[in-house]
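First up is the structure itself, then whatever we jot down about it.
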Amino acid sequence: MKKIIIAILILGSLPCLTFAQDNIEGDTLIPMEVQRQIFVYGASKKYNDKMMQLSTLYNLLAFNRNNSAILDSIALVYFGLQQYVSAALVSVDAVTLNPKDELAAEIAALSFEQIGATERALKYYETLYLLRNDVMILYQVSFLQYRLKRLNEAFTNVDIIIAHAKSNEVQIRFPKNDESEQEVALRTAAKRLKAMIYEEQGNVLEATKIYKDILLISPDFDLVKKQLEDLN
């Protein structure tokens, strides 16, 4: 599955920080300090200083601890540094604060998947699907359900993908025998997953039939050729 691209314009959200007025005295320096931290963050981002970005984001979080946009940005930096445990933990807090936070749900799903926490990755992919109604995300949900042996759920979702009007338009990448990649329609990929579910259930005849049907449509689908050979 092609990587989901994630991005955030933090400087667009940071100036919107709000503070409880009863905690700010008339002569307080907090607003000026917030502006200073935002400037430092912008400079550190410009010069690609990830550690300084994290430092300023944590300083801003101290001023407004319930700001999910700041947590999103912290999680995004950790994800970029491949510190997936930290990215996952921060993004989970962001989703807790804001259940409609798509970016946080996405980072959580990807991060948990990277560290092999499949159950937790599935939870946040399911959350992301409910927020976006994206058929590609549903494919990832069904694939993780298959890996977790939740075959009935995976089967249901695969049928939804196959019947989806856009599943023949969306492309997904798979490796070829020569170590290059090929693009296959998501509907075809879902049919392959359906055959894999049948195979896991011991229904070799139905799995074989689907693999052969796929090769009639996509005769150069190397992965399916290999799966059919192994099945026979």
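Read the figures in this text as sums done on the coordinates, not as results from a lab. Everything numeric here is computed off the predicted structure, so don't read it as measured data. Cβ atoms come from the backbone with ideal geometry, glycine included; neighbour counts cover every protein chain shown.
Quick notes on this one:
- Signed unit charges on C-beta, dipole axis of the chain, positive-most listed residue GLN171, LEU148, VAL204: VAL204
- Nearest 10 degrees, 0 to 90: helix 68-80 Cα axis against the chain principal axis: 60 degrees
- Per-residue ³J(HN,Hα) for segment 95-103, Karplus 6.51 cos²θ - 1.76 cosθ + 1.60, θ = phi - 60°, Hz, x for Gly and Pro: 5, 4, 6, 9, x, 9, 7, 5, 4
- On the principal axes of its alpha carbon atoms, segment 30-164 extends 56, 24, 21 Å, with the longest extent given first.
- Estimated vicinal HN-Hα couplings, Hz - segment 226-232 in sequence order (Karplus 6.51, -1.76, 1.60; Gly, Pro = x): 5, 5, 5, 4, 5, 5, 8
- With the simple model of a label 7 Å out from the Cα in the direction of the Cβ, THR156 to LEU89 spans 3.5 nm.
- Base-10 log of normalised Debye intensity for the chain (one unit scatterer per alpha-carbon) at q = 0.07, 0.10, 0.11 Å⁻¹: -0.32, -0.58, -0.67
- In this structure the amide hydrogen of VAL170, modeled in the peptide plane, comes within under 5 Å of the amide hydrogens of LEU186, none closer than 5 places in sequence on its chain.
- Counting only Cβ charges, +1 for Lys and Arg and -1 for Asp and Glu, the dipole size of segment 110-202 around its Cα centre is about 200 debye.
- Computed Kirkwood radius, in angstrom, where 1/r is averaged over Cα pairs of segment 98-150: 10.7 Å
- Expected 222 nm ellipticity per residue - DSSP helices of 4 or more, -39500 (n - 2.57), all of the chain, to 500: -21000 deg cm²/dmol
- Solvent-free Debye calculation, one equal scatterer per alpha-carbon of segment 135-232: log10 I(q)/I(0) at 0.17, 0.25 Å⁻¹ equals -0.72, -1.44.
- Only lysine pairs 8 or more places apart, or on different chains, with alpha-carbon atoms under 25 angstrom apart are counted in segment 135-232, and they number 29.
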